[in-house]
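Quick notes on the structure that follows.
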Amino acid sequence: MESRSVLFPTKAPSPFSRCLPPSCRAISFPPEIIEAILHLLPAKSLGRFKSVSKTWNSLISDPQFIKKHIHHLQTPTKLILHSEYTDALHSFDTDQLLPYLNIDNNDDDIPATVKELFFGSAPMWCQEILGSCNGLVLAKDVHCTIFLINPTTQELWKVPTPPFALPDIDWAVSYEFGYVSSTDDYKVLLSFQRENTCVSVYSLRNNSWKELRISPYDLGDSGFLPVVVNQHFHRYKDSSSIAAFSFVTEEFNEINLQFLDLFVDKSVAIYEVVAIGEKLGLFISVGGAYELWVMEDYGVANSWTRICPHQLKDYSRPVCLVEGSNRDMVLNGEGDIVVFNMDKRRYRNVRIQGFPEEYVIEEFTVRGIYVESLESAKRFVK
């Protein structure tokens, strides 16, 4: 079969081709080469390139292309900032921090510009960010409606209401969000308190809810944020273990915290379960000083390792690593965002800019992270 050219259509020159010298505008490449190149481009660029031609639009919109693009592209982490007063969402790229992090002996604030997240023609009035995966964000609005949103494409999709009554008390209901690679499915774990902890799972691929057995754990609002790592969501259980739910098998298990026995002669408090890159982390206080530990091999109890050679001076929740940096980590405290270098024990304040003048910076907190992608709930549910 003759190979088709899909790069520069000859009938109508594309905007992309007009950027090339005249001698290059008739160049054609096999479709598989074009697809390989497009897989390496950012999601926002691909969104614009849909207008190049019908062929490109069809290729970039294809579910298999979107799925491959997610796993090919490594994009900087974006932070979601939430206003407690307006419920508006803003975001900023962590790659804005990189030019300032490798400057030695510089303790100046790092500027970072935020952008308000819009869906259609209006901002998302959000009450809570419930989780994110592959560029999709699970969020609850001020009316307690659950949505899957893609901040990059500005797509918003309403998750069907569960077919059973839920408690009216917010702390008695919790949602978690995860992805199952083997079945290419996104799932929402819903837990709520009645006489016991009831658990249900929504499958995006099946577009349906399913009730599971009663949970052996109390999954109500414990003050600890849930964390999804290795296709499991995690919730602090007690001083000896973390409760874990597998989105693959839809079963619960526990992760042992026997390494805490090392501090038997010291006062130890667990502050939060966190995700550090693709690893499960634990933020603890030892004798009043804060430390960050990660499980190097998921599920292996003796692989817990302290990743900071220095103790953290204050309680600031670890948010994410700054990709491309030399062991820098974003921390979020009460009303501020800082970058902490784990080797030099250097703190740099992040100076947020780009908010409307009437907003007060301290009104915003980091509520989640995401990466840019073309992922869409509509590729599962038509």
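What residue, among those in the range 90-118 that are more than 18 Å from Ser373 (Cα to Cα) and aliphatic (A, V, I, L, M), is modelled with the lowest pLDDT? Steps first, please.
Filtering the range 90-118 down to residues more than 18 Å from Ser373 (Cα to Cα) leaves 96-114.
Keeping just the survivors that are aliphatic (A, V, I, L, M) gives 97-98, 101, 103, 110, 112, 114.
Details: Leu97: 91, Leu98: 90, Leu101: 86, Ile103: 74, Ile110: 90, Ala112: 89, Val114: 88.
Per the criteria, the residue is Ile103.
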Index of the failed condition, Gly324 passing every other in (1) open to solvent by less than 70 Å² (accessible area, probe 1.4 Å); (2) at pLDDT below 90; (3) assigned to a loop (DSSP other than H, G, I, E, B); (4) in contact with a Leu (Cβ under 7 Å, 6 or more places away or on another chain) = (1)
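Answer yes or no as to whether Tyr347 is surrounded by fewer than 21 Cβ atoms within 10 Å (Cβ to Cβ), within 22 Å of Ala289 (Cβ to Cβ) and either modelled with pLDDT of 85 or more or not basic (Lys, Arg) (or both). Reasoning before the result, please.
On the way: surrounded by fewer than 21 Cβ atoms within 10 Å (Cβ to Cβ): yes; within 22 Å of Ala289 (Cβ to Cβ): yes; either modelled with pLDDT of 85 or more or not basic (Lys, Arg) (or both): yes.
In short, yes.
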ask   = Which number in (1) of a type outside the set (Gly, Ala, Ser); (2) part of a helix (DSSP H, G or I); (3) surrounded by fewer than 18 Cβ atoms within 10 Å (Cβ to Cβ) marks the one condition that Leu41 misses?
value = (2)
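Give me the residue from the range 74-89 that is open to solvent by less than 70 Å² (accessible area, probe 1.4 Å) and at pLDDT below 70 and, out of that set, nearest to Phe147 (Cα to Cα).
Filtering the range 74-89 for residues open to solvent by less than 70 Å² (accessible area, probe 1.4 Å) gives 75-83, 86-89.
Applying the additional criterion that residues be at pLDDT below 70 yields 83, 86-87.
Details: Ser83: 18, Thr86: 18, Asp87: 15 Å.
Looking at residues that are open to solvent by less than 70 Å² (accessible area, probe 1.4 Å) and at pLDDT below 70, I get Asp87.
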inquiry  = Yes or no: the range 239-248 includes at least one residue that is closer than 18 Å to Tyr175 by Cβ, loosely packed, with under 14 Cβ neighbours inside 10 Å and not polar (S, T, N, Q).
reply    = no
note = When every residue in the range 350-379 that is surrounded by fewer than 18 Cβ atoms within 10 Å (Cβ to Cβ) and either among the polar types (S, T, N, Q) or in a strand (DSSP E or B) (or both) is compared, the one modelled with the lowest pLDDT is Thr365
key: Residue check for Lys11: at pLDDT below 80, open to solvent by 60 Å² or more (accessible area, probe 1.4 Å) and either basic (Lys, Arg) or in contact with a helix residue (DSSP H, G or I) (Cβ under 9 Å, 6 or more places away or on another chain) (or both)   = yes
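Scan Glu211, Glu278 and give me the residue that is surrounded by fewer than 17 Cβ atoms within 10 Å (Cβ to Cβ) and closer than 22 Å to Val330 by Cα.
Glu278
The values are calculated or read from the model by the stated rules, or taken from the named source; none is laboratory data. For clarity, every value in this text was computed on a predicted model and none was experimentally measured. Glycine also receives a Cβ, built like all others from the backbone with ideal geometry; neighbour counts cover every protein chain displayed. Surface areas here come from the heavy atoms of the whole protein model, side chains and all, with no ligands, DNA or RNA. Shrake-Rupley method; radii C 1.70, N 1.55, O 1.52, S 1.80 Å.
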